[in-house]
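Enquirer: If you scroll down you'll find the structure; I have some questions about it.
No lab work stands behind these numbers, since they all come straight from the coordinates. Source: prediction; values computed, not measured. Cβ placement follows ideal geometry from the backbone for every residue including glycine, while neighbour counts extend to all protein chains displayed.
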């Protein structure tokens, strides 16, 4: 029932390592793009909050 693990040949290991490295590069790029999107969203939220507060204080000053 127990199937023994076999070590892949060198060519397969090299290919798998390169695929893992490519996956890591893609994840790194995705993480950077996600960070940029979060920063843009946070800036938009701050802008909207500032706009609401300015409108609120403008109305209360009148």
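Enquirer: P(r) for segment 11-62, please, calculated from all Cα pair distances in 5 Å bins and given in %.
Expert: 4, 17, 10, 12, 9, 8, 9, 6, 7, 5, 4, 3, 2, 2, 1, 0
Enquirer: Now for a different question. Give me the distance in nm between label points sitting 7 Å out from Cα along the Cα-to-Cβ direction at residue 11 and residue 30, one decimal.
Expert: 3.0 nm
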